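For reference, the structure is listed below as structure tokens.
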Amino acid sequence: MAVAHRLFRLFSPFTPAKNNLSSFLIRSLSSSSSSSTHGPSLDPEIDLKEAAAELEKSSSPSSSPSPSKGRNFHWVFLGCPGVGKGTYASRLSTLLGVPHIATGDLVREELSSSGLLSSQLKELVNHGKLVPDEFIISLLSKRLEAGKEKGESGYILDGFPRTVTQAEILEGVINVDLVINLKLKEEALLAKCLGRKICSECGANYNVACIDIKGGDGDGDGDDRMYMPPLLPPPKCESKLITRADDTEEVVKERLRVYNKMTQPVEEFYRKRGKLLEFELPGGIPQSWPKLLRALHLEDDKQSAIA
Ligand code: AMP
């Protein structure tokens, strides 16, 4: 893991968590009104100030760090719905030994419980809207707190932050080392979301879409063709496949619209801070994974990665 160690130093992972509570609360409170495009908080019990304070508590270093539980990376994956954040974040999490925390998964777990809050949330999620900042921050804090108790000291975030308010609050409590912004041609994004299937038993993700986008540079040499073969399930999962309720054409288009409006400014937020690594996916996993490892200077580690 020599290269991983180099990268580890390069992105200053030992930088301590920030403790400037008052300044981030002031910032978060002053910006909260501008971020609320999704209406008032669903749960009057949760307010942004409280959620941010919880996040700070859960982000401070564990008093009993366990060196065996991975390293202190704080990485973030950004990118449109369907781009493959979950796929690449989960592979890097295995490679680097840090947990992959997807806020979409936390939301879906919450939705599986019954109650008024869950049905209100379902309404938002199933229509492609974001859930309120205060709610997602509170969910994330709980997940980080549970991880801290297990000795986790770093993470790869997927799906968070999705608004500038979320990014400001996160920046106030932790030094994000690196933000990987995955990009893919827009026509491939829709096809990938529509082809996504999940095994209801083991939770594995598959994709039945076969994406073949001819290039448009006109020289006919095919070097700009994008081919992504389907990722088909093994026989044991075949009969248990389900489609996410928010993977319908209408909802995916809304999610893309919401991404462009609410999350694209987050790219700029990190670009200005010199933390954004832009990564254009050249195709499916076989082409993209080795290229991503090279971009991250992790190619020496690839033998330990899943093929
Ligand atoms: P994902 O699996 O990342 O596509 O997330 C599924 C849904 O969960 C999103 O469409 C949102 O409704 C909700 N969600 C996940 N993460 C966030 C976040 N950081 N902020 C607000 N809503 C979120």
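If the condition is being more than 9 Å from the ligand (Cβ to nearest atom) and hydrophobic (A, V, I, L, M, F, W, C), then segment 241-268 contributes Leu241, Ile242, Ala245, Val252, Leu256, Val266.
Residue pairs whose Cβ atoms lie under 7 Å apart, separated by 6 or more positions or on different chains, with the first residue in segment 154-180 and within 14 Å of the ligand (Cβ to nearest atom) and the second acidic (Asp, Glu), are Thr163/Asp133; Thr165/Asp133; Gln166/Asp133. Of all residues in segment 101-127, none that is closer than 13 Å to Arg244 by Cβ and away from the ligand (no atom under 11 Å from the Cβ) has its Cβ atom under 7 Å from the Cβ atom of a residue that is outside any helix (DSSP H, G or I) and of a type in the set (A, V, I, L, M), 6 or more apart or on another chain.
For segment 127-170, the set of residues classified as surrounded by fewer than 23 Cβ atoms within 10 Å (Cβ to Cβ), within 12 Å of His100 (Cα to Cα) and charged (D, E, K, R) consists of Arg143, Glu152, listed by residue number. When segment 252-304 is filtered for residues that are of a type in the set (Val, Ile, Thr) and over 23 Å from Tyr206 (Cβ atoms), the ones remaining, listed by number, are Val258, Thr263, Val266. Residues of segment 148-172 that are over 15 Å from the mean Cα position of the chain (by Cα) and closer than 22 Å to Leu92 by Cβ: Lys148, Lys150, Gly151, Glu152, Ser153, Glu171.
Going through (1) out of contact with any helix residue (DSSP H, G or I) (no Cβ under 7 Å at 6 or more places or on another chain); (2) assigned to a helix (DSSP H, G or I) one by one, Lys197 falls short only on (2).
Computed from the coordinates by the stated procedures, all read-outs in this text should not be read as laboratory data. Small disclaimer: the values here were computed from a predicted structure and weren't measured. Glycine gets a Cβ as well: all are built from the backbone with ideal geometry, and neighbour counts include every protein chain shown.
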